[in-house]
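Structure first, then comments.
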Amino acid sequence: MARTAVKKAKKSAPTKKAPAKKAAAKEKPKKVIALFPEAAFGPALNSVGIGQALKKLGHKVVFLSDPGFLDVYRGYGFEAYPVNLSEPLPPEEMAKFWIDFINGHIPNFRKSPYEQIDNYVKDCWGMIVETAKWAEKDLPGVLDMVKPDVVCVDNVILFPAIKRYAKQNKKPWVRIISCSENEIEDPDIPPHLSGCGAKDKKCHAAYRKHFNKTIKPIHDDFNAFLKSVGEKKYPIGQFFEASPHMNILLYPSAVKFKRKHKLSPKQFQYLEGCVRKDKPFEVPKFKANNDKPLLYVSFGSLGSGDTDLLKRLIASIGKMPVRALVNVGDYKDQYGSLPKNVIIDGWFPQPSVIPKVDAVIHHGGNNSFTECLYFGKPAIIMPYVWDGHDNATRVQETGHGFKMDRYDWTDEEMQDKIMQMLTDKKMKAKLKKTSKSMRAKHGPTKAAKVIDGLTRRKIA
């Protein structure tokens with residue numbers, strides 16, 4: 001991709017020597033921007049979009065990556081450097097580890113966010129703290145080798161080497177928040193992962209108290225690690241901090257929370273979603289209902305392991321005057337005969353699919369959440385873990401869709417909610433307004449401009 005860009009620049013360069021020198025003098029010097037996303041497809045692909053926009057501005061973009069995601073970034077033409085976030089394992093073994101971890105927690109998906117603190121949430125934070133310890137082994141050397149002018153990290157935990165590198169070299173670092181905006185705490189908004197309503201202060205307090213009590217041994221371990229590398233300890237419940245230089249939130253303004261303490265635009269910028277482009281998608285022909293509304297159903301690559309739930313949904317949708325595309329991940333061989341109005345596949349280019357459907361059923365992951373809003377599509381969110389709980393509550397209380405329990409529903413209730421999505425004029429009008437606003441602001445381009453501005457900011 002870089003070579004292609006160079007060739008185009010040569011073709012469009014002035015033919016006379018003097019103007020060519022003048023043009024060259026005006027070119028901004030290239031800076032090295034390092035992007036370090038979490039090892040998950042949502043943050044990874046959002047960062048790819050930002051990286052592509054930064055390259056258009058003339059910067060050199062490199063990725064710091066868990067070894068299992070190196071080929072993702074290299075496939076888009078970026079340099080990528082490994083940073084082990086756990087004991088090194090072959091990529092296929094690491095992928096299997098996470099699939100087994102998620103599938104092992106399927107019984108906990110039936111529990112409330114409050115109840116999940118004792119199992120799924122606690123287990124996740126234990127492993128996340130270990131990633132910070134592992135990163136400290138490789139990250140300092142990688143940063144010294146790459147010598148980035150800006151480091152952008154999209155994760156939920158501090159990697160101390162980034163702060164240390166930035167301070168020693170007087171370079172800015174950026175925190176990217178690709179999940180719900182309540183990762184940045186405020187006393188007036190729901191705690192991250194809680195699924196509480198915006199005004200349900202009793203729920204806020206109960207969740208915070210139980211989370212802090214349960215997580216304390218893990219948090220104490222993290223603080224001991226911070227002390228060992230010269231960092232100050234964090235207050236209970238906190239595993240990361242806002243960057244003093246810039247924090248980029250993917251969250252859309254239409255669903256923003258009302259905060260007690262407003263976030264300064266000098267330190268916090270909202271991207272209105274960061275929707276990436278994917279390969280084109282043509283809607284296939286169905287065996288039935290080709291003139292009926294089209295649904296898209298996806299619980300993400302990890303959530304597709306809940307095959308019993310997906311089979312139940314398929315059966316219910318099969319009785320309706322609609323069509324449905326259903327993402328079943330790596331479990332396609334577990335599905336037998338299907339209703340004539342349903343087509344399954346192991347993967348869909350989601351940003352290209354959602355614009356062509358009438359409504360979506362998903363798990364509340366932040367990419368699915370923002371993409372539905374960006375393209376103006378109503379959604380039923382059936383959350384099972386992490387910020388899916390927050391996004392499900394938020395989509396309903398802002399009038400952009402519905403929250404439904406993952407298991408506690410009848411065919412009649414599901415079919416009724418689907419028909420409401422397809423016919424609710426007030427919801428459609430709200431979604432149209434939100435979509436228009438988000439489309440007017442291209443998230444990756446805005447992020448690139450914000451980061452570009454940091455390269456010219458003097459850091460004390």
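Only the coordinates and a few stated rules stand behind these numbers; no lab work does. Remember, it's a predicted structure, so these values are computed and weren't measured experimentally. As a convention, Cβ positions derive from the backbone with ideal geometry for all residues, glycine included, and neighbour counts pool all protein chains shown.
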Exercise for the section: Compute the long axis of helix 17-26 from its Cα atoms, compare it with the longest principal axis of the Cα atoms of the chain, and write down the angle in degrees, 0 to 90, nearest 10. Expected result: 70 degrees
Practice task
Could you compute the FRET efficiency for Ser337 and Lys441, with r as their C-beta to C-beta distance and R0 at 45 Å, rounded to 0.05?
Solution key: 0.50
Completion exercise
Listed by chain and number, the aspartates and glutamates with an alpha carbon less than 19 angstrom from that of Lys430, same-chain partners under 8 positions apart left out, are Glu272, Asp358, Glu371, Glu397
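Would you mind telling me the antiparallel percentage of the DSSP bridges in region 294-439, rounded to 5? List each step's numbers first, then the result.
Details: 0 of 18 bridges.
Around 0 percent of the beta bridges assigned by DSSP in region 294-439 are antiparallel ones.
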Exercise for the section: Measure nothing fancy, just the Cα-based angle from helix 2-12's long axis to the longest principal axis of the chain, in degrees from 0 to 90, nearest 10. Expected result: 70 degrees
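Would you mind classifying region 148-226 by shape? Square roots of the alpha carbon gyration tensor eigenvalues, ordered a ≥ b ≥ c; an a/c under 1.5 is rounded, otherwise it is prolate if a/b is larger than b/c and oblate if not.
Verdict is oblate for region 148-226.
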Handout entry: Sequence-separation-based contact order of the chain, relative, with Cα cut under 8 Å and 6+ spacing, percent
Key = 15 percent
Handout entry: In region 307-359, chymotrypsin sites (Phe, Trp or Tyr not before Pro) in a DSSP loop with at most 15 other beta-carbon atoms within 10 Å
Key = Tyr335, Trp347
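Note the direction-averaged projected area, equal to a quarter of the hull surface, for the Cα convex hull of the chain, in nm². It would help to have the intermediate numbers written out before the result.
Details: hull surface 94.9 nm².
Taking the Cα atoms of the chain, their convex hull projects to 23.7 nm² on average.
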Exercise for the section: Starting from the Cα of Lys213, step 7 Å along the direction of its Cβ; do the same at Lys425; then give the gap between the two resulting points in nm. Expected result: 5.1 nm
Handout entry: Karplus 3J(HN,Hα) series, Hz, for region 149-164 with 6.51 cos²θ - 1.76 cosθ + 1.60 (x for Gly, Pro)
Key = 7, 9, 10, 10, 10, 10, 7, 10, 9, 6, 9, x, 4, 5, 4, 5
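Between their Cα atoms, which of Lys279/Lys377; Lys340/Lys436; Lys96/Lys147; Lys60/Lys458 are more than 24 Å away from each other? Display every interim value, and only then the final one.
On the way: Lys279/Lys377 20 Å; Lys340/Lys436 35 Å; Lys96/Lys147 34 Å; Lys60/Lys458 20 Å.
Violating the 24 Å Cα-Cα cut-off are Lys340/Lys436; Lys96/Lys147.
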Practice task
Using only the alpha carbons of region 294-439, determine the length spanned along each of the three principal axes and report them from longest to shortest in whole angstroms.
Solution key: 42, 28, 28
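Let me spell out the model: positive unit charges on the Cβ of Lys and Arg, negative unit charges on the Cβ of Asp and Glu, origin at the Cα centre of region 294-439. What dipole size does that give, in debye rounded to 20? Provide the component values of the computation, followed by the final result.
On the way: 20 positive and 17 negative charges, 183 e Å.
Magnitude of the dipole: close to 880 debye.
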Fill in the blank from the handout: For region 439-450, in residue order, the Karplus 3J(HN,Hα) values (coefficients 6.51, -1.76, 1.60; θ = phi - 60°; whole Hz; Gly and Pro = x) are 5, 5, 10, 7, x, x, 5, 5, 4, 4, 5, 5
Problem - For region 213-220, 3J(HN,Hα) per residue [Karplus equation, 6.51 cos²θ - 1.76 cosθ + 1.60, θ = phi - 60°, Hz, x = Gly/Pro] - result: 5, 6, 7, 3, x, 5, 5, 4
Practice task
With 28 Å as the limit, write out which pairs from Lys137/Lys232; Lys171/Lys446; Lys426/Lys446; Lys258/Lys432; Lys30/Lys441 have Cα-Cα distances beyond it, or answer none.
Solution key: Lys426/Lys446
